[in-house]
1. Any residue that is β-branched (Val, Ile, Thr) and modelled with pLDDT under 95 - is there at least one of those in region 159-173?
2. Suppose we keep only residues that are in contact with a helix residue (DSSP H, G or I) (Cβ under 6 Å, 6 or more places away or on another chain) and within 13 Å of residue 103 (Cα to Cα) within region 51-87. Which one would you say is surrounded by the fewest Cβ atoms within 10 Å (Cβ to Cβ)?
3. Among what's in region 1-55 and is of a type in the set (A, V, I, L, M), closer than 20 Å to residue 161 by Cβ and assigned to a loop (DSSP other than H, G, I, E, B), pick the residue that is nearest to the chain's Cα centre (by Cα).
4. Picking from 215, 206, which residue would you name as being buried (at least 19 other Cβ atoms within 10 Å of the Cβ), out of contact with any Pro (no Cβ under 7 Å at 6 or more places or on another chain) and modelled with pLDDT of 95 or more?
Amino acid sequence: MDAIILAAGLGTRLRPHTETTPKPLLPVQGRPILDWILAALPDTVEQVIVVVNYLADQIEKYLAEQQHVAKWSTVRQAVPRGTGDALMCCRDAVRAESVLVLNGDDLYGAADLLRLAARPAGLLAHPVDQPEKFGIVFTHGDRLEKLVEKPQLPPPQWANIGAYVFPRRVFDLTLPLSPRGEYEITDAVSAIAAEEPFFVERASFWFPIGDVAAWNRAQTADLSPALRRASSGENRPTHSGH
């Protein structure tokens, strides 16, 4: 399995902190956000591809020094046009038959990612109290029935939290341009779900870091569910190109 981490955003809601540091490298309890994400990846991940744009050189420098994954590469999203576009930018870099795709500014539970990675196709969902701010997941049993963006529904509802597993054939899709002029990864979800079971794993832990208030809360939160292994020097990273 390969993993793609979407880390090309500008981090505008975390300014001024992101004026000189890309959001995935902002420190949380002494470690970059991206470091937490890499440490939580399942052992089944053999290669990590990080989609970069803003302050990409800093992210590449971090990747060259980290000790979590041995095989990594970056893909530059020349013009950020949505999460779907970021995914499709990785078409030529992916080698495995399945790919785990994660937001680069959210902390996920290691156990949840392990369960998700065992699925042929699926996503993580977590309950939210403001469903009107999220894409909400509707299921039939443990399978996705549909995704509805920002519905007016009573809380709590199960939200799509930006962690997915896709079969390699996701890269054969042609995604439509959304009304806001971007390509959405959720359109890839819907397209795959129309053709095969798309499983919904209910996440036990999720800590999104979307703004300064959330970043500040993360400094004192219990993030132990995101810990799978400590950084070690066993696997010296190798750079497999851009």
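The values are calculated or read from the model by the stated rules, or taken from the named source; none is laboratory data. Source: prediction; values computed, not measured. Cβ atoms come from the backbone with ideal geometry, glycine included; neighbour counts cover every protein chain shown.
1. Checked region 159-173: no residue is β-branched (Val, Ile, Thr) and modelled with pLDDT under 95.
2. Here the residue is 84.
3. That would be 7.
4. Going through 215, 206 in turn, the sole match is 206.
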